[in-house]
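The values are calculated or read from the model by the stated rules, or taken from the named source; none is laboratory data. The structure presented is a predicted model; accordingly, all values stated were derived computationally and were not measured. We place every Cβ from the backbone using ideal geometry, glycine too, and count neighbours over all the protein chains shown. Heads up: the accessible areas ignore ligands, DNA and RNA and are worked out on the full protein's heavy atoms, side chains in. Shrake-Rupley method; radii C 1.70, N 1.55, O 1.52, S 1.80 Å.
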Amino acid sequence: MAHFAQLDENNVVLQVIVVGNDDINNLPFPESEPIGLQFLINWSGGYTNWKQTSYNNNFRKNYAAVGGVYDPVRDAFIHPKPYPSWILDENTCKWEPPIPPIKDGKHYKWDESTVSWVEFDE
């Protein structure tokens, strides 16, 4: 199975579609992308803005998420920013908190109002 993200004019992910292996001639990425693109153009009635994404994050850094974006400069999918204070890790294209998570066996959640981790009971 191959997964393709439908993008709007600003490269925001609208949906992710699964394309069968037979429809991409059982080819691996990147050979599968132009074949899958042509399949999706025909299937969608002419919509052309699609990018292949990897469910296992084998290419384009992250699996496409609805509401996230495809960055053509980084050739990466970037999920929506969870909090204003979080910073994009350029290597992974994942959002990271400005303070590393606390790992002491307790449960914490991010509190944007204090820009810190706050303990909570499950």
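Assuming 0.36 nm per residue, please report the length gained on full extension of the stretch T92 to S54 beyond their Cα-Cα distance. Using 0.36 nm per residue and subtracting the Cα-Cα distance, I get 12.3 nm. For A76, the amide hydrogen comes within under 5 Å of the amide hydrogens of D71, counting only partners 5 or more places away or on other chains and with H modelled in the peptide plane.
Sequentially through the stretch 70-83, phi angles give Karplus couplings (6.51, -1.76, 1.60; θ = phi - 60°) of 9, 9, x, 5, 7, 6, 9, 8, 10, 5, x, 5, x, 9 Hz, Gly and Pro residues having no value and appearing as x.
Probing with 1.4 Å while keeping every protein chain in the model, the per residue accessible area of the chain equals 61 Å². Surface calculation, 1.4 Å probe, protein heavy atoms: F39 sits at approximately 70 Å² accessible. Taking a ≥ b ≥ c as the square roots of the eigenvalues of the Cα gyration tensor, the stretch 62-122 is classed as prolate, since a/c reaches at least 1.5 and a/b is larger than b/c. Within the assembled protein chains, the solvent-accessible surface assigned to Y47 is about 70 Å², based on a 1.4 Å probe. Given axes a ≥ b ≥ c from the Cα gyration tensor, I'd like to know whether the chain is rounded (a/c under 1.5), prolate (a/b larger than b/c) or oblate. The shape class here is prolate.
Gain on full extension, evaluated as 0.36 nm per residue between D22 and F120 minus their Cα-Cα distance, stands at 30.4 nm.
Projected label points at F29 and D71, each 7 Å from Cα along the beta carbon direction, are separated by 1.6 nanometres.
Estimated at 0.36 nm per residue, the fully extended path between D104 and N10 surpasses their Cα-Cα distance by 29.7 nm. Beta bridges per DSSP, both residues in the stretch 48-122: antiparallel share near 100 percent.
The share of accessible area on the chain that comes from carbon and sulfur is 53 percent, using a 1.4 angstrom probe.
Taking K61, K94, K109 as the candidate residues, the one with maximal mean-square fluctuation in a Gaussian network model of the chain, Cα springs under 10 Å, is K109. Counting only protein heavy atoms and using a 1.4 Å probe, the accessible area of T53 comes to about 0 Å². On C-alpha positions alone, give me the angle between the axis of helix 32-44 and the longest principal axis of the chain, in degrees, nearest 10. Taking Cα atoms only, the helix is inclined about 80 degrees.
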